[in-house]
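First comes the structure, then the notes that go with it.
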């Protein structure tokens, strides 16, 4: 069972970025070398992840026990269909965002403004972040999952406060303290799990938790779920996200929005299906999903900054994934997995677009933006396509992902499930409303219609009310003169990200079949447990 | 699929009440501190919570025993696994606390206080709610209720993200936001 002709690739997604981080740190005086190392490493990770997807699909879960300890003792890395798909999607996203960041770094240094992306620390930190994400996806035991979370969180602390400007420090403090609290909670959960079962290995836990008293198991479950829910930004624990994400540099926000919350969602899927299949907590999770969806999107509707709107839609759409998990049917789980894949790509694309909007318009406040469709038709097209994709307009992946979830919800058919179906549709429409508002304000209207641009002009006494953008540096919305063109690398990376979002539509059939298989694996639990544990320690 | 493991654990795990009480005390005091406005107190609270959780791992390692070396009688040694875990956790929390310390120093540098500030955007929306106004994007006349001070603050918030892309015009970089922040924090009765 462990004898594979293809070498065991499982540790590579963790090891390669860590090695790359060390190299980029050593090459800190040579940005060019740093860039090539990062790109090569992340491209290799994508390749490995693609092979793992094929391997897990064709031959079942892959496992590696590290450190040559006797089997249930050491640390195990496990890739099953779910992990492999998550690795592949996150690898693609990380790579494209890196290209975007490199483009931004080059463009900024051309303009003699390197404070935005201090390249020397950006590359190592970014690679460590990637290693942490991979480690969390591959972790075969709870404690290694915790370590994976800590690796990615620590890099994210550095990235979110990069440059040390006042607003980033403010945002960073909230973020770090909240993350610390959730880590402490996670540690308590692990301690409780170990005290109750004597192991932290997921496969062993899957067997032993069934023997526990239901009350004890429930306490363990709630403890772990709360810790993950903070990381995934599920409603009562979601307030930190819109406060901390918008201030970070564009590529950092993009990769955070795409990946970090999804690691929490992944952990919830894993724990719910593998450890606590008998106690799906359907009611609790469904209410959490409903509140996350509705309150998140209402937050987005009430905001006037593009980054904040997107942060709130991010929170809101986490609710869809929790909805799928809460249904606790193979179809629901498959829908949730598909939604995660779709949402990682599309949310990242939207945040990258926001970075470009900021570059072009000088701000992301909708009160001060206008005329972007004229200024950059390409950017406008990218935003339009991505926005429609996120809100779930029919031919695109957002629609397919939502249909999958709604279908699963209707299948379950309880009143609460129906309520969630309705909530999901309402959220989808409100997403469309929030993003259409962005479209009409930032892209479609002329700059002169933007309320704050004229007001600022008046306030500054800079002239009359018909705005001459060139004479009005305060609004910094420049339409006709267009002094800053969008760097090709950044635009290319954003276009590629949007294209990946669209490509999910093209491969939707095979991908949905894959997620179905992944979900039935998760529901059966057997492939995972039998692969990880040798026969004699299976108790 | 017998219940061997749990019974085994039940027989070895006799929680030490003193350690449990120490954990409770540390976590409780830490939580109280973490609820404070001052970031340094939050940080101290986090240290206490982290230490409390570390003590919890001593509880779950069960009966104290000899050092767990290979070759010792397994019945006489203490459980090495929680120790390995808690060592990792302690190292991680050490690094995080160090980072948080640097962060609070920087916060003090840029704002002249280590109070965790209110979020400007939240404050704006709350004020609008109190005044029973619709949101700014809904009703352009809202702008008239925004004080110049808040406009400046909004500039800080929205400008912060763009600090690299728009160096000169939109937002004051570096020192000026701190000026606004200091003024605000100073005027804020605690």
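The values are calculated or read from the model by the stated rules, or taken from the named source; none is laboratory data. Just so it is clear, the model here is predicted, and its values are computed rather than measured. Reconstructed Cβ throughout: ideal geometry from the backbone, glycine too, with neighbour counts over all protein chains shown.
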>> Cβ contacts < 9 Å: first residue more than 9 Å from every other protein chain (Cβ to nearest Cβ), restricted to the stretch B:111-122; second residue part of a loop (DSSP other than H, G, I, E, B) and at pLDDT below 75, any location; separation 6+ or different chain. Result?
In response: B:115/B:188; B:115/B:190; B:118/B:188
> Between a first residue in the stretch A:238-250 that is more than 10 Å from chain B (Cβ to nearest Cβ) and a second residue that is in a loop (DSSP other than H, G, I, E, B), which pairs have beta carbons less than 8 Å apart while being 6 or more apart in sequence or on different chains?
Replying inline: A:240/A:233; A:241/A:233
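Only one of these is within 24 Å of the chain's Cα centre (by Cα), at negative phi, within 14 Å of chain B (Cβ to nearest Cβ) and in contact (Cβ under 8 Å) with a residue 24 or more places away in the chain: A:353, A:393. Name it.
On the way: A:393 fails: within 14 Å of chain B (Cβ to nearest Cβ).
After applying the criteria, what remains is A:353.
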> Scanning for something more than 17 Å from residue B:101 (Cα to Cα) and in contact (Cβ under 8 Å) with a residue 60 or more places away in the chain, does the stretch A:169-181 turn up at least one residue?
Replying inline: no
> Can you name the number of the only condition in (1) touching a residue at least 12 places away in the same chain (Cβ under 8 Å); (2) within 24 Å of residue A:441 (Cα to Cα) that residue A:325 fails?
Replying inline: (2)
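Each row is one residue, and each column tells you yes or no for (1) in contact (Cβ under 8 Å) with a residue 60 or more places away in the chain; (2) within 14 Å of another protein chain (Cβ to nearest Cβ); (3) out of contact with any helix residue (DSSP H, G or I) (no Cβ under 6 Å at 6 or more places or on another chain); (4) farther than 30 Å from residue A:404 by Cα.
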{"residue": "A:340", "(1), (2), (3), (4)": "yes, no, no, no"}
{"residue": "A:349", "(1), (2), (3), (4)": "yes, no, no, no"}
{"residue": "A:358", "(1), (2), (3), (4)": "yes, yes, yes, yes"}
{"residue": "A:367", "(1), (2), (3), (4)": "yes, yes, no, yes"}
{"residue": "A:380", "(1), (2), (3), (4)": "yes, no, no, no"}
> Tell me, which residue of the stretch A:124-168 that is within 7 Å of chain B (Cβ to nearest Cβ) and not in a helix (DSSP H, G or I) is farthest from residue B:99 (Cα to Cα)?
Replying inline: A:165
>> Restricting to the stretch A:289-316, name every residue that is surrounded by fewer than 24 Cβ atoms within 10 Å (Cβ to Cβ) and modelled with pLDDT of 90 or more.
In response: A:290, A:291, A:294, A:295, A:298
> Which one is modelled with the lowest pLDDT, of the residues in the stretch B:122-144 that are under 20 Å from residue A:437 (Cα atoms) and either in contact with a strand residue (DSSP E or B) (Cβ under 7 Å, 6 or more places away or on another chain) or assigned to a loop (DSSP other than H, G, I, E, B) (or both)?
Replying inline: B:139
> For the stretch A:393-417, how many residues meet the condition of being more than 18 Å from residue A:511 (Cβ to Cβ) and not in a helix (DSSP H, G or I)?
Replying inline: 3
> Taking interchain pairs and intrachain pairs at least six residues apart, which have beta carbon atoms under 7 angstrom, with the first residue in the stretch B:76-89 and closer than 15 Å to residue A:141 by Cβ and the second at pLDDT below 85 and part of a loop (DSSP other than H, G, I, E, B)?
Replying inline: B:82/B:61
>> So if I check each of A:246, A:277, which one is surrounded by fewer than 24 Cβ atoms within 10 Å (Cβ to Cβ) and either at negative phi or assigned to a helix (DSSP H, G or I) (or both)?
In response: A:277
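Residues that are more than 17 Å from residue A:175 (Cα to Cα), modelled with pLDDT of 85 or more and within 9 Å of another protein chain (Cβ to nearest Cβ): find the helices (runs of 4 or more DSSP H) completely inside the stretch B:2-104 holding 1 or more of those.
The helices (runs of 4 or more DSSP H) meeting that bar are B:17-34, B:39-60.
Residues that are away from chain B (no Cβ under 13 Å), touching a residue at least 24 places away in the same chain (Cβ under 8 Å) and part of a helix (DSSP H, G or I): does the stretch A:204-216 have at least one? Write out each step before concluding.
Step one: list which residues in the stretch A:204-216 are away from chain B (no Cβ under 13 Å), which gives A:214-215.
Now drop any that are not touching a residue at least 24 places away in the same chain (Cβ under 8 Å), which leaves A:214.
Imposing the further condition that a residue be part of a helix (DSSP H, G or I) reduces the set to A:214.
Scanning the stretch A:204-216 turns up at least one residue that is away from chain B (no Cβ under 13 Å), touching a residue at least 24 places away in the same chain (Cβ under 8 Å) and part of a helix (DSSP H, G or I).
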>> Quick check on residue A:179: is it more than 8 Å from every other protein chain (Cβ to nearest Cβ) and farther than 30 Å from residue A:530 by Cβ?
In response: yes
> For the stretch A:21-47, which residues satisfy the criterion of being under 23 Å from the mean Cα position of the chain (by Cα) and either outside any helix (DSSP H, G or I) or without any contact (Cβ under 8 Å) to a residue 40 or more places away in the chain (or both)?
Replying inline: A:40, A:44, A:47
> Of the residues A:301, A:265, which single one is in contact with a helix residue (DSSP H, G or I) (Cβ under 7 Å, 6 or more places away or on another chain), under 30 Å from residue A:197 (Cα atoms) and in a helix (DSSP H, G or I)?
Replying inline: A:265
